[in-house]
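What follows is calculated from the coordinates using simple rules that are stated; it is not laboratory data. Please read these numbers as outputs of a predicted model, since none were measured by experiment. Don't worry about glycine lacking a Cβ; one is built from the backbone with ideal geometry, like all the others, and counts go over all protein chains shown.
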Amino acid sequence: MAAATDAALASGGATGAFSQMGSKLLLVAGIAAVVAVMVVFWLWSQQPDYRVLFSNYSDRDGGAIVAALEKMNVPYKFSDGGSAILVPASQVHQARLKLASDGLPKGGNIGFELLENQKFGVSQFVEQVNFQRGLEGELERSIQSIGAVEGARIHLAIPKPSVFARDQQKPTASVLLNLRAGRSLDAQQVSAVVHLVASSVPNLPTANVTVVDQNGNLLSDTSKKMGNKNLDPAQLKYVEDIQQSIVKRIESIITPIVGLKNVRAEASAEIDFSTQEQAAETFKPNQQPDAAAIRSMQTNESQTSNGDVAGVPGALSNQPQANATAPINAPANSGDIGAVNTTPVNSEKNLTTNYEVDKTVSYTQQPMGGIKRLNVAVVVNNMQVVDKAGKVTYRPLTAAEKTQINDLAMQAMGFNKERGDSLTVVNTPFAGEPREVLPAVPLWENQRVIEYGKDALRFIVGIVVLMLLYSRVLKPLMGKLTTLSQPSVPQLEAADTVVSLSGEQEAPIVKAAYDQNLEAAKQLAKDNPRMVANVVANWTNGNES
């Protein structure tokens with residue numbers, strides 16, 4: 001009977017060995033599956049953060065960008081309905097630089113590269129159209145490089161050249177600017193856009209360039225009226241510079257007295273941009289002869305004799321008189337004989353003196369940009385006073401301090417009473433600078449908090465899942481695998497393994513071996529209950545054989 005029992009136990013051991021082998025395989029497969037799940041969860045929790053590479057691109061640029069990213073082996077994905085391309089945050093800048101070296105994105109504008117694929121045999125009209133399209137595209141790219149401009153469209157109207165001079169027409173250009181949200185162009189920037197387009201098209205005057213924004217506002221009409229004069233942007237900039245210079249001088253000289261941010265000044269300047277040229281010729285009253293300068297002097301002198309009598313017209317009467325003769329030995333007092341015949345002579349002397357005329361000739365040219373009038377207003381805060389305890393108080397300015405500030409402001413602005421300048425200085429306490437109170441944004445609406453929360457939640461979920469899988473699944477499976485992998489306890493002899501009910505001989509049994517034998521006995525009882533019943537009956541009858 002003991003032999004039968006040993007055979008049954010041996011059969012049960014073989015069955016247990018196969019069962020252990022299957023259990024080991026199942027445990028190894030389960031452990032591998034759990035490890036794979038843990039790796040997947042770990043990779044998911046460590047997924048890189050994606051940032052926007054480009055957005056609001058054209059379909060042509062989007063396809064070129066995706067193709068370039070695939071060549072660079074850079075992972076990407078789309079968001080916002082495909083209007084943005086996302087790449088890992090660590091590769092955003094490198095990808096942008098690499099794509100920029102390839103000329104991407106092109107902005108959807110076709111430039112002179114349109115002429116690179118020119119087919120042979122195209123007509124002159126097609127060549128001209130392609131050239132015009134390329135020129136428009138290049139101008140659009142140049143204008144879009146301005147920070148405030150998001151997009152630009154340019155339409156050029158270039159007339160066909162004519163051989164007749166009278167029929168020559170100037171080109172025209174229309175520029176449509178799509179400005180960024182909250183941005184605008186000042187007069188100088190609009191003028192720069194106009195000159196950029198005019199300088200790129202032959203024979204295009206700046207007056208024929210029209211600039212319009214996306215709201216339909218005409219930007220190229222930069223002429224503004226000031227008084228009765230139309231000022232161009234350069235003149236307006238000149239007026240603004242003068243006003244700002246006056247304000248800066250006044251504030252810089254008063255600030256050391258009243259303290260920083262305690263003085264405000266505004267200036268209004270009337271500038272005369274007209275040019276005047278004047279020529280004057282002035283004559284002064286005649287001066288005294290002795291003080292006047294002599295220009296020329298002419299003297300005429302003539303003498304005539306009273307005895308000269310005109311004779312009868314003819315040859316004899318026109319004969320000159322004979323020379324007077326006198327006797328050599330004539331008596332000294334003889335008046336009748338040998339006396340010299342003398343006649344009185346009339347003399348005439350004329351003197352003509354011409355004096356210089358006192359004349360003044362002046363030529364005056366007044367340059368443009370002269371100041372016609374200045375109006376300045378200055379507001380000064382109350383004077384700050386600090387007592388011994390360090391307490392800060394404010395007091396109004398005294399009359400002497402106000403007079404001093406007024407005099408300094410007059411000197412700084414170049415006050416001219418004859419010009420009609422005005423200056424007003426007011427002392428009043430300043431109101432505190434208003435602080436903009438921003439509404440509190442809930443945490444669930446803060447995009448940055450949402451992004452950080454998603455990353456943190458993903459990391460925490462990954463850690464929790466890994467811990468649960470390890471503690472609840474992986475660790476028990478590894479424990480069972482270790483138990484099954486231990487070497488089985490050698491089979492004890494029949495005398496040692498059989499325990500009599502009388503308790504006369506009871507061998508010590510290792511707990512592990514006992515559990516294993518108990519499982520084998522249970523399995524044997526299920527498989528062959530009759531044999532087990534016979535063994536028990538023999539034990540009861542005291543038959544050990």
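List of remarks:
- E150 long-range amide H proximity, modeled H, under 5 Å: N178, L179, R180
- Pairs beyond 32 Å (Cα-Cα), from K77/K475; K170/K372; K98/K160; K475/K522; K359/K417: K77/K475; K170/K372; K98/K160; K359/K417
- The Cβ shell under 9 Å around V378 holds other residues with a net charge of -1, Lys and Arg each +1, Asp and Glu each -1.
- 12 Å beta-carbon shell around P88, net charge (K/R +1, D/E -1): +1
- Using the Cβ-Cβ distance between R153 and D186 with R0 = 30 Å, the FRET efficiency computed as 1/(1 + (r/R0)^6) comes to roughly 0.90.
- Close amide-amide hydrogen proximity is noted between V425 and V378, each under 5 Å apart and 5 or more residues distant or on a separate chain (H modeled in the peptide plane; Pro and chain starts excluded).
- Difference of contour (0.36 nm per residue) and Cα-Cα distance, A389 to V40: 118.8 nm
- Environment charge at V426 (Cβ cut-off 14 Å; Lys +1, Arg +1, Asp -1, Glu -1): 0
- Stretchable slack from N203 to N73, in nm (0.36 nm times residue separation minus alpha-carbon distance): 41.8 nm
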